[in-house]
Protein chains: 2
Amino acid sequence: MEKTILDNATILCPEENGSFSVIDRGFLVVEEGVISEASEGEPDPSQQEKARMVDSSNLILMPGLVNTHGHAAMTLLRSYADDLPLMQWLQEKIWPIESKLSEEHFYWGTLLSMVEMIRSGTTTFTDMYFGMERVAQAAQESGMRAVISQGLFGLTEMKHQFLNDTEELINRWQGACSGRITVILGPHAPYTCPPDYLKEIIKFSQDKDLPLQIHLSETRDELKKHKIEHDNTPVQHLEKLGLLERPVLAAHCVHLSSEDIKILAENNVGVSHNPGSNLKLGCGIAPLKDMLQAGIKVGLGTDGASSNNNLDMFEEMRLAALLPKGLHEDPTLIPAPLAIDMATRMGADILFQEKLGKIKAGHKADIIGIDKSSPRLTPLHSITSNLVYSATGADVKLVMVDGNMLMEKGELLTLDEEKIKFEAQRSVDQLVRLVND
Amino acid sequence: MEKTILDNATILCPEENGSFSVIDRGFLVVEEGVISEASEGEPDPSQQEKARMVDSSNLILMPGLVNTHGHAAMTLLRSYADDLPLMQWLQEKIWPIESKLSEEHFYWGTLLSMVEMIRSGTTTFTDMYFGMERVAQAAQESGMRAVISQGLFGLTEMKHQFLNDTEELINRWQGACSGRITVILGPHAPYTCPPDYLKEIIKFSQDKDLPLQIHLSETRDELKKHKIEHDNTPVQHLEKLGLLERPVLAAHCVHLSSEDIKILAENNVGVSHNPGSNLKLGCGIAPLKDMLQAGIKVGLGTDGASSNNNLDMFEEMRLAALLPKGLHEDPTLIPAPLAIDMATRMGADILFQEKLGKIKAGHKADIIGIDKSSPRLTPLHSITSNLVYSATGADVKLVMVDGNMLMEKGELLTLDEEKIKFEAQRSVDQLVRLVND
């Protein structure tokens, strides 16, 4: 693998405490997929030998964004159904079309999501859905870093098939593509996985030494039903079953009691905060301030494009920073550097990814470059404020994952964007006709 | 003025009731700054004679976005100060640098805002600030439609000077540039304009037959202080003074009692809803659902870039549609077409602009074109949902105001973007040095 030097750049470097330092004019050396140096000034002539030099004089370089929750192939359903009551949306629109998704839809839908994610600076994505072989294949082709799970549902006879599929997925893809692909377990939610099934999953997780991701406490209605059935909260339920003793990533966590927050913190559960999806589906606004104050590690996620409806992590950073300010009428909450930290270092952390989410020697070279001459970033009094409060994914011009360029000067290098958009639209149009017949 | 035909386009046409119809493949004819036809199919060969044909086969055409509240030159202060308590932000950061703004800052700051506004599909902007001669000059040069006010403050000896400035502004600019520039009165707020001064302004407004714009009920603190001084709410105060009998545009309206909402509705006061700025400054979340239910006409605004921090009306549409859903836990509130209606037809209406905000024969040709092949708009199951929940200002590729092209194929035609960014950054850097000395 070639050596690459990104020089003449402005570099945003996360520090250990979640703050950022800025190198005004410096360079990054990338070798074998890893950052070997991040320094001010110019690289030595000897360093430049046999290196590919990438002039980054117009860019702010920072760690790639980490999307900690999503359903990539659902990008095919973007704008398919909106503004409906939650159960009507699911029962009349989403579930009927979802049940007809085939391998080609998982493939083209995931590739379409990747066009959008790479273009908007996401380098690592998380997926919990079906057709995971196709998702892994798309990750292999696109060059993105992926943390994937076959969705595990325990309400039908398919429940053991899902575990078998997971085992196959692990055998074929765990650590594939130089470690870019990670498989973890994906029990869908407490309300779709009865206690016995969750116990099997916990055992599976122990035997294979695997972390888990799960949807948790997303809607008020879910909590009401859970209370009737189990007389506790979903968080207390998972603790009682022993699931929280495993490494866990919990998505949403909109409706939490103070006891729930304590349990999540004590068990070191990572939370994927999805503010855009939570607003759009009318779930509510998660208690971000309280979770962070309790010491819970929180990353950001878009959720699927059928409930967001885009995959732009800049918007999730902005919403994460803005909502607590408005809700608590306190403009000092969630300052810009903290929002970036959630989208990078903390996000990598809760995805169980070591050596990711920082610009530091020895860390993985997942790096993005933002056009600092964009009107939205002018003037540039504060890089972190401009990134969180003004930038959009469209300002990203360079994306590197594992030392490989996925986008340069705004051009995608690993994916055929026109073909993907065409095939995605064609395959979903066919599907809509099928559902309407 | 030449005749222009935009053909092969998808056209989003607002209907009288706030919903939209779609012409799948059609054309718009623009003559003398006015839309003369919007039809399905192809224009006749005879129509095409002497017309400039603009192939719009990749575009969704819709009315240009109307920004109903802002302070354009404050774009120079984007990211200058963020995440601070409101009074510290104002007293220690914003006011000291604002007091040093000169003519050149108003000029370059406004032009910088216009680069961003045109690029993100805004065709009409509203301004209430200082240096309005320069703002009008920038509007003349850029080709944007502008509704402008000299800010009127009644707490210093300058108060009559501000009214004189307004009079001069009217004499020079009212109706200038074929009616693109409109001057209205801009009393800053009830807390900066004592009753006697407001009475003078009301008289001025009657004598000159001019509407007014005013900041109203933005923060909880403002309401507390007002209660102590006047023993009512700012809305009741303005009603008592007779100001609401005039045509009024009220910005923010975050903290309203049900009595306030009734008063605003009865007096036909238009409200500029600024969800992004209200969140960022910790003001709160305006009662949009209640205002609309009471029959109040609501437009959308960005406020200044020092408190937003961008001028992208797509984000304001998205926030306006998402916040009530999350807050009231109801995903059916503010559906996508309503958000677009607020950003176009209703926005034009509350700016006292007739024949604006619609795609209809006889209406002004303020039109934008959005790239329908953008990944964020793929697939295209619903145009209105994609525009509100997924698109960003960066997806806008064509902007026409008053029949003149301001942007085509993503290239600005009336402004020198590189020069403006350079001069804006240079002039504000100089200002920051001045303030820090």
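The values are calculated or read from the model by the stated rules, or taken from the named source; none is laboratory data. The structure displayed is predicted, hence computed values, not measured ones. Cβ atoms come from the backbone with ideal geometry, glycine included; neighbour counts cover every protein chain shown. Only protein heavy atoms, including side chains, enter the accessible area calculation; ligands, DNA and RNA are left aside. Shrake-Rupley method; radii C 1.70, N 1.55, O 1.52, S 1.80 Å.
Numbers below:
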item: Residues (buried (at least 24 other Cβ atoms within 10 Å of the Cβ) and either part of a loop (DSSP other than H, G, I, E, B) or not assigned by TED's automatic domain parsing to the domain that holds A:Lys199 (or both)) located in region A:144-158; result: A:Met144
item: Any hit, region B:122-129, residues being in the same structural domain as B:Tyr197 (by TED's automatic domain parsing) and part of a helix (DSSP H, G or I); result: no
item: Residues within region A:344-373 that are surrounded by fewer than 24 Cβ atoms within 10 Å (Cβ to Cβ), of a type outside the set (D, E, K, R) and within 28 Å of B:Thr302 (Cα to Cα), tallied; result: 1
item: Any hit, region A:6-17, residues being open to solvent by less than 70 Å² (accessible area, probe 1.4 Å), in a strand (DSSP E or B), farther than 23 Å from A:Ala343 by Cα and not hydroxyl-bearing (Ser, Thr, Tyr); result: yes
item: Residue match in region B:377-385 (condition: of a type in the set (A, V, I, L, M), within 14 Å of chain A (Cβ to nearest Cβ), more than 17 Å from the chain's Cα centre (by Cα) and buried (at least 19 other Cβ atoms within 10 Å of the Cβ)); result: yes
item: Pairs with Cβ under 6 Å, 6+ apart, first in region A:178-199 and charged (D, E, K, R), second not in a helix (DSSP H, G or I); result: A:Arg180/A:Arg145; A:Arg180/A:Asp402
item: Matching residues, region A:291-322, being among the aliphatic types (A, V, I, L, M), under 30 Å from A:Leu112 (Cβ atoms) and more than 9 Å from every other protein chain (Cβ to nearest Cβ); result: A:Val298, A:Leu300, A:Met313, A:Met317, A:Ala320
item: Filter result for A:Lys397 (modelled with pLDDT under 95, not in a helix (DSSP H, G or I) and not assigned by TED's automatic domain parsing to the domain that holds A:Val269); result: no
item: Evaluation of B:Gly357 against (1) facing another protein chain (nearest Cβ under 9 Å); (2) in a loop (DSSP other than H, G, I, E, B) (one fails), failing number; result: (1)
item: Any hit, region B:96-119, residues being open to solvent by less than 40 Å² (accessible area, probe 1.4 Å), in contact with a strand residue (DSSP E or B) (Cβ under 6 Å, 6 or more places away or on another chain), assigned by TED's automatic domain parsing to the domain that holds B:Ala305 and within 21 Å of B:Cys193 (Cβ to Cβ); result: no
item: Residues within region B:323-343 that are assigned to a loop (DSSP other than H, G, I, E, B), at the interface with chain A (Cβ under 7 Å from one of its Cβ atoms) and open to solvent by less than 30 Å² (accessible area, probe 1.4 Å), tallied; result: 1
item: Unmet criterion (only one of (1) in contact with a Pro (Cβ under 9 Å, 6 or more places away or on another chain); (2) within 20 Å of A:Leu351 (Cα to Cα); (3) open to solvent by 20 Å² or more (accessible area, probe 1.4 Å)) for A:Gly179; result: (1)
item: Where a residue in region A:389-416 is under 19 Å from A:Thr378 (Cβ atoms) and its partner, wherever it lies, is at pLDDT 95 or above and aromatic (Phe, Trp, Tyr), with Cβ under 8 Å and at least six apart; result: A:Ala391/A:Phe314; A:Thr392/A:Phe314; A:Gly393/A:Phe314; A:Asp395/A:Phe314
item: Among (1) in a loop (DSSP other than H, G, I, E, B); (2) of a type in the set (A, V, I, L, M); (3) more than 26 Å from the chain's Cα centre (by Cα), the one test that B:Met53 misses; result: (1)
item: Residue within region A:26-48 that is open to solvent by less than 30 Å² (accessible area, probe 1.4 Å), more than 30 Å from A:Thr302 (Cβ to Cβ), away from chain B (no Cβ under 14 Å) and among the β-branched types (Val, Ile, Thr) present; result: yes
item: Those residues of region A:360-376 which are of a type in the set (Gly, Ala, Ser) and within 14 Å of another protein chain (Cβ to nearest Cβ), in sequence order; result: A:Ser373, A:Ser374
item: Region A:132-143: number of residues that are open to solvent by 10 Å² or more (accessible area, probe 1.4 Å) and either hydrophobic (A, V, I, L, M, F, W, C) or under 15 Å from A:His71 (Cβ atoms) (or both); result: 1
item: Within region A:61-95, considering residues that are in contact with a helix residue (DSSP H, G or I) (Cβ under 6 Å, 6 or more places away or on another chain) and within 14 Å of chain B (Cβ to nearest Cβ), the one nearest to A:Leu12 (Cα to Cα); result: A:Ala72
